[in-house]
Amino acid sequence: MNGPMQNLRYGLRAPAKSPEFTIVALASLAIGIGANTAIFSFVDEVLLKPLPYAEPERIGPVQEKPPGGGRNGISTLNYLDWQKENKVFEYMAAQTGGSVTLTGATEPVRLRR
């Protein structure tokens with residue numbers, strides 16, 4: 001009958017006999033654990049944790065629809081007018097996206113906002 005000490009000695013001796021296999025096994029474990037941790041951290045932040053607002057279901061976008069349909073960017077002056085004349089929303093905030101081109105240097109450079 002094998003005792004716990006004999007099992008422990010065998011468990012330590014077996015990896016020493018094939019170090020390549022041991023290195024590959026440990027690297028596979030490390031990559032798997034690291035990938036799982038990274039994925040869970042992302043899912044936890046994006047999907048599981050609630051938004052840091054009291055009533056997130058009340059948050060929504062307000063957009064301008066051009067006559068031809070599609071999307072339309074809102075100018076800063078339009079946003080300021082909307083904010084000043086607002087009687088519906090408790091708060092309003094602007095968000096930018098897209099890109100701009102920086103010129104005046106040697107070569108034009110596209111910058112994302």
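Tell me the relative contact order for the chain as a rounded percent, counting alpha carbon contacts under 8 Å between residues six or more apart.
Numbers: 38 pairs, mean separation 9.9, N = 113.
Reported as a whole number, the value is 9 percent.
Computed over Cα pairs, the Kirkwood radius of the stretch 4-48 leads via Stokes-Einstein (0.692 mPa s, 37 °C) to a diffusion coefficient of 256 µm² per second. When the alpha carbon gyration tensor of the chain is reduced to an equivalent ellipsoid, the three semi-axes, largest first, read 59, 24, 11 Å.
What you get for the chain, charging only the Cβ of Lys and Arg (+1) and of Asp and Glu (-1), is a dipole of about 420 debye around the Cα centre.
On a 0 to 90 degree scale, rounded to 10, what angle separates helix 4-17 from the longest Cα axis of the chain? Between helix and principal axis, roughly 70 degrees.
Axis of helix 76-85 versus longest Cα principal axis of the chain: the two differ by about 80°, to the nearest ten degrees.
Straight-line reach from LYS65: taking Cα to Cα under 27 Å and skipping same-chain neighbours fewer than 8 places apart, the lysines in range are LYS84, LYS87.
Every number here is computed from the coordinates shown, using simple stated rules; none is lab data. From a predicted model like this one, the values you see are computed outputs, not experimental measurements. So basically every Cβ, Gly included, is an ideal-geometry build from the backbone, and we count neighbours across all protein chains shown.
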